[in-house]
1. Look at region A:228-253 and say how many of its residues are assigned to a helix (DSSP H, G or I), touching a helix residue (DSSP H, G or I) at 6+ places or on another chain (Cβ under 7 Å) and within 7 Å of another protein chain (Cβ to nearest Cβ).
2. Taking into account only those residues within region A:440-464 that are surrounded by fewer than 19 Cβ atoms within 10 Å (Cβ to Cβ) and free of Cβ contacts under 8 Å to residues at least 40 places away in the same chain, which is nearest to residue A:546 (Cα to Cα)?
3. Hey, among B:121, B:135, B:189, which residue is in contact with a helix residue (DSSP H, G or I) (Cβ under 6 Å, 6 or more places away or on another chain), in contact (Cβ under 8 Å) with a residue 40 or more places away in the chain and at the interface with another protein chain (Cβ under 9 Å from one of its Cβ atoms)?
4. Being touching a helix residue (DSSP H, G or I) at 6+ places or on another chain (Cβ under 6 Å), more than 7 Å from chain B (Cβ to nearest Cβ) and over 18 Å from residue B:139 (Cα atoms) is the filter here, so list the residues in region A:210-226 that pass it.
5. State yes or no: is residue A:125 under 49 Å from the mean Cα position of the chain (by Cα) and more than 8 Å from chain B (Cβ to nearest Cβ)?
6. When only residues in region B:404-423 that are part of a strand (DSSP E or B) and crowded, with 16+ Cβ neighbours inside 10 Å count, which is nearest to the other protein chains (Cβ to nearest Cβ)?
7. Within region B:535-626, considering only helices (runs of 4 or more DSSP H) that don't extend past its boundaries, which have at least 3 residues that are more than 10 Å from chain A (Cβ to nearest Cβ), free of Cβ contacts under 8 Å to residues at least 24 places away in the same chain and over 30 Å from residue B:490 (Cβ atoms)?
8. Working only within region A:362-379, note down all residues that are surrounded by fewer than 21 Cβ atoms within 10 Å (Cβ to Cβ) and modelled with pLDDT of 90 or more.
């Protein structure tokens, strides 16, 4: 479900019509633990039986040795009670011990699978989903499911069994009172069910409102500097106060519901106990019930309270688990659209010439009415470098993302050496294509790991060469060298440093096709010149597609294509387009300051020796 | 942030599965006091969190007292049950045999009263405690959020957004969890353990003495559980934090993950982290799996012993059968709450830890504070004169960025700042926007030290636009209006037109009402920058600072923006940091910075003719064109 509808309660309710179905679909995760579950059940039932037996022993004590004044029998029965008590405790220990390992094991397996699936889903999916929404699925939803499948289901079986056995024993002791106690389960059950329903609705509302608060917090954290720069703290605080107050109101309502129910759940068994006591005393006075039986009856009746009460909790927990399963299956059911087709082939690097062809390629984002790219026809010859030029928002970055198949074309096709990209193995294609994005993404990992993202086998020489090419040798001078952690949780680097690392990553391993989105935008003039010179050598060996904003970077390209409104309107040499295409001129011609004629094309001139330039600090 | 100068000792050999994380450069630098783990700091935090709790509860004193009264009533009523069973057996059955139903009716009546009292008191207590708890949560949430807003940019750079989010979500949630489901069980369990012990002693002293034998075991067991589960709990939190960080980062960077075929390795790392988490939670679960049956065992053994000894005493006529029955019933009420306590112990632990962390955050003093006695900025035409007097500043004490900087920018002047990385350009911008205060010297706006200006006044006068261009969720119009919340639609549109953003906005599916989604996902980098510009334009400040604000624009748009700036900047003071000379050349004055000092100062045309660094750069730039 996309972000837009994820906030819509109606859509959520509709998705939850057959929730148990989705929970049932998770059963493969339980299968490895089938034997454990059998043990669990046996240990659980045996433990409960031992627990139930104790009041019966008490009855024998009261009616036997105590009533008949036989001290010998007392010790025997006391020993039995001791034995039963020890057995019960040991069985509980076994049950809980086994239970915990299967519970966390299952949770870990499910989490790993959801993660694997998310990694396969295309970027279009991730564009629609907030990472926070996905995160809540692998954390809170998974633990709800874990609780239900390991504890909830188990206690459901155990408690029902306990209930039936105890009621049978009670009826056996005194039929009329036994039936009365059994009947007291009806109001308890009704209260629990009503509670389960309302509580579930309140929890869901609370979850959503917590999500709202979290979103607001995350956004404020991300935009903190902007907030500070405009002094908009009070406005944001007011927005937050509104969300927090809604959460508060829901919390109070939930608390009231809990208070009413839990007090009622105490009242019913207490009243039953009172009736049992009065009627039992009367029966005992008439001799229909021994004192020992009365004591046993009361003890056994107390044993029933928890199984019936917990039924409400288990139902609520089950509903929560069903919703959670729903939310998880929502993700698992989204088919990865971009996958290896049947019979996809791998192309070895050496066999690739690198002729990249766009044939009548159109693309529109899912759900969008207008296409981003329309009927693109473009051929890039092996070793050629094509610069893509266009105004802000003309579709340049989208076009680039089609090459490593981050998106698939809507119509038309893209071929590499005549192979439709969709007929290549995805891993093979992405090995052949090196990418540098507009925003250099660095993860909270070591520099080395960031460079060798998909190629953990890259050698030191390769890394050194790539870093040298991107003028990113500064990486060796970081406090721990290439082992230094960068990214949000590590050392923060300047925009130019990050861009150079991203560039090194793209060229690492000499890709056959290079796709770069404004790769030098954050570099200062001096570094840019050095990177350009080095890039030129690499670009000879690769087919390259660059998005370019600045006239200075155009020098890298053999040919230029002008993208206007999703169409290629002109291709040719930079100087030709400059002379003949007014739209191109408007985009790229540097407006020389008055009095300075534009200088001719040339390489970088002598640069200041201390290596400083116009850069951000 | 700058790279620390001194390299730390080499990292120890790490196993393959953790090496990918790399080594954090300065574990202390990114830790606030709230994260400190030394014993003194922990003790201090504990003290702070206790003070905070008292502070939060103080407004609810009356309601708290009422809640305690209700709780005591509930406990008393609940304790009456077994006692009435005893009376019933020992005092009501014998007269009944003789045909007198009076005592039984009395007992039944008392039972009914106790049941109803328990119901009413429990309901009242739970409702009241939910009210108090939620009010405290609301208060705490707003305090922490408000405090985060007040803390300086410097703090947030150290603290990172991820940690701020986790404080305000998962930490507060764990306190909420305790408020929702744990507090009454905790208090009631403690209360009923105490009262049951008292009743037992009163009912039958020798029998109670036997029961008391269980106490040392219970105490020792509970202490062991409390200690080991505290550390197990901490390990679990650490493990799950790593899982979360890895998950969120791979989802945010999914394009890079897929384009570079990172998936298999990510999966291995994720599974390894998940396995760590699994192991640590398994350990925590197994502690409960040991503790809870052990309590049960002690309880069961006690019951068996009481049964034997009590039966023997009944035999000897030293006690009555009803007392034995009541004893056995009370023992249930004694051991059961202890079982429950183990369930709630974890939520208590996590809530305590969370409160400590929040107390630590609330204890951070804003490095850039609101003035106690603010000075209003002078009003009138031609405002915006900036003066730096002997300004020294560094992000870290050992690495000064600016050193006794002297600078005067007359009102209305447009100044371009250029220089290499680390020269101090952005630092100057941040000092004017008062993201930081100078370590020494003063920055004055129209003669007033920025430290004496109210934040609201300063923000009206000074606006900083960076390349960050954060867009908040909401419509495009709302994002522009961020610059001036009171502006009407016409003013928003006029600002967009002035900056050249109107055409692209009008072409969006819903024009100005288009939702920008999260962080402007659907807008290109250039478009986001234009919206940010319109926002700054609408804010209409006296001093405008542009820090690389046009880096993502294509040439025509930039030209458009520059033309607009030509008019916009005419009556304002402006500091412009750009790496394109085309931007610099439109300035009235260029400052070339190096190592925190001004090394060249003059009009661009003059500097270009001179034989300095600017001239060299200018030549180089000119050559790179076309």
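1. 12
2. First, the residues of region A:440-464 that are surrounded by fewer than 19 Cβ atoms within 10 Å (Cβ to Cβ): A:455-462, A:464.
Retained after the next criterion (residues that are free of Cβ contacts under 8 Å to residues at least 40 places away in the same chain): A:456-457, A:459-461, A:464.
On the way: A:456: 26, A:457: 27, A:459: 27, A:460: 27, A:461: 26, A:464: 24 Å.
Per the criteria, the residue is A:464.
3. Values: B:135 fails: in contact with a helix residue (DSSP H, G or I) (Cβ under 6 Å, 6 or more places away or on another chain); B:189 fails: at the interface with another protein chain (Cβ under 9 Å from one of its Cβ atoms).
Matching residue, one of B:121, B:135, B:189: B:121.
4. Result: A:220, single match.
5. Answer is yes for this residue.
6. B:418
7. B:604-609
8. Listed by number, the residues that qualify are A:362, A:374, A:375, A:377, A:378, A:379.
The values are calculated or read from the model by the stated rules, or taken from the named source; none is laboratory data. The structure presented is a predicted model; accordingly, all values stated were derived computationally and were not measured. Neighbour counts are summed over all protein chains in view; Cβ atoms, including those assigned to glycine, are modelled from backbone coordinates with ideal geometry.
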